[in-house]
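Single-structure report; data block below.
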Amino acid sequence: MKRIIISINPEHVENILTGRKKYEFRKIAAKQDISSIIIYETTPVKKIVAEAEILDVIMLPPEQLWEETKQSAGITKEFFDDYFKGRQIAYAYKLGKITVYNKPKRLVDFGVKTAPQSFVYV
């Protein structure tokens with residue numbers, strides 16, 4: 001199966017790595033089956049720091065998605081609502097095992113030149 005690289009802000013990366021955030025929310029999901037998300041931590045780090053196994057991809061209207069994920073969302077309801085404002089469908093990747101890289105990697109190590117706006121397959 002394929003993997004994707006996703007750009008994630010440092011505060012959310014920290015919440016993923018500590019286990020407070022067990023879902024990665026997205027406005028669109030990968031069309032291909034993916035086995036894991038490669039986590040690119042945005043400014044100021046600008047490195048690939050970890051990889052998260054994907055257990056499931058949930059696709060629901062935003063309110064239903066919040067109800068299903070809120071216990072381990074790692075974000076506030078306000079942030080969630082702002083992010084999905086005007087959307088009929090919202091997506092969440094349910095994260096499994098997290099592998100933190102001993103040494104952060106560069107995007108070019110994965111054949112990628114610039115930080116993905118949404119995601120990029122690798």
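Would you compute the Debye intensity of the chain from its alpha-carbon atoms alone, equal scatterers and no solvent, and pass along log10 I(q)/I(0) at q = 0.15 Å⁻¹ to two decimals?
Values returned for q = 0.15 Å⁻¹ are -0.64.
Could you work out the equivalent-ellipsoid semi-axes for segment 1-64, taking the square root of 5 times each eigenvalue of the Cα gyration tensor, largest first, in whole Å? Intermediate results must be reported in sequence, preceding the final value.
On the way: eigenvalues 77, 44, 24 Å².
Semi-axes, largest first: 20, 15, 11 Å.
If you place +1 on the Cβ of every Lys and Arg, -1 on the Cβ of every Asp and Glu, and leave all else neutral, what size is the dipole of segment 16-122 about its Cα centre, to the nearest 20 Debye? Intermediate values should be presented prior to the final figure.
On the way: 18 positive and 13 negative charges, 89 e Å.
Around 420 debye, computed over segment 16-122.
Step through the residues of segment 113-120 one at a time and calculate ³J(HN,Hα) from phi using the Karplus curve (6.51 cos²θ - 1.76 cosθ + 1.60, θ = phi - 60°), rounding each to whole Hz and writing x for Gly and Pro.
Working through the residues one at a time gives 8, 10, 4, x, 6, 10, 6, 9 Hz.
If you filter segment 1-64 for chymotrypsin sites (Phe, Trp or Tyr not before Pro), then keep DSSP loop positions with at most 16 other Cβ within 10 Å, what is left? Working shown, then result.
On the way: sites: Tyr23, Phe25, Tyr40; in loops: none.
In loop regions of segment 1-64 (DSSP not H, G, I, E or B), there are no sparsely surrounded chymotrypsin sites (Phe, Trp or Tyr not before Pro).
I need the phi-derived Karplus couplings for segment 67-82: 6.51 cos²θ - 1.76 cosθ + 1.60, θ = phi - 60°, integer Hz, Gly and Pro marked x.
Values, residue by residue: 4, 6, 10, 4, 5, 10, 6, x, 9, 7, 4, 4, 4, 4, 4, 4 Hz.
Using Cβ counts within 10 Å as a stand-in for footprinting exposure, how do Met1, Met59 rank, fewest first? Don't jump to the answer; show the numbers that get you there.
Numbers: Met1 8, Met59 11.
Lowest count first: Met1, Met59.
What percent do you get for the relative contact order of the chain when only Cα pairs under 8 Å and 6+ apart count?
The value is 38 percent.
Restricting attention to segment 1-100, which trypsin sites (Lys or Arg not before Pro) occupy a DSSP loop and are surrounded by at most 16 other Cβ atoms within 10 Å?
Numbers: sites: Lys2, Arg3, Arg20, Lys21, Lys22, Arg26, Lys27, Lys31, Lys46, Lys47, Lys70, Lys77, Lys85, Arg87, Lys94, Lys97; in loops: Arg20, Lys21, Lys22, Lys27, Lys31, Lys46, Lys85, Arg87.
Listed in order of number, the matching sites are Arg20, Lys27, Lys31, Lys46, Lys85, Arg87.
Pop out the ³J(HN,Hα) list for segment 6-23 in order, Karplus 6.51 cos²θ - 1.76 cosθ + 1.60 with θ = phi - 60°, rounded to Hz; leave Gly and Pro as x.
10, 7, 9, 5, x, 5, 6, 4, 4, 5, 5, 5, 8, x, 6, 10, 9, 9
Read-outs: derived from the displayed coordinates by stated rules, not from any lab. Owing to the predicted nature of the structure, the values given are computational and were not obtained by experimental measurement. All Cβ positions, even for glycine, are placed from backbone atoms using ideal geometry, and neighbour counts span all protein chains on display.
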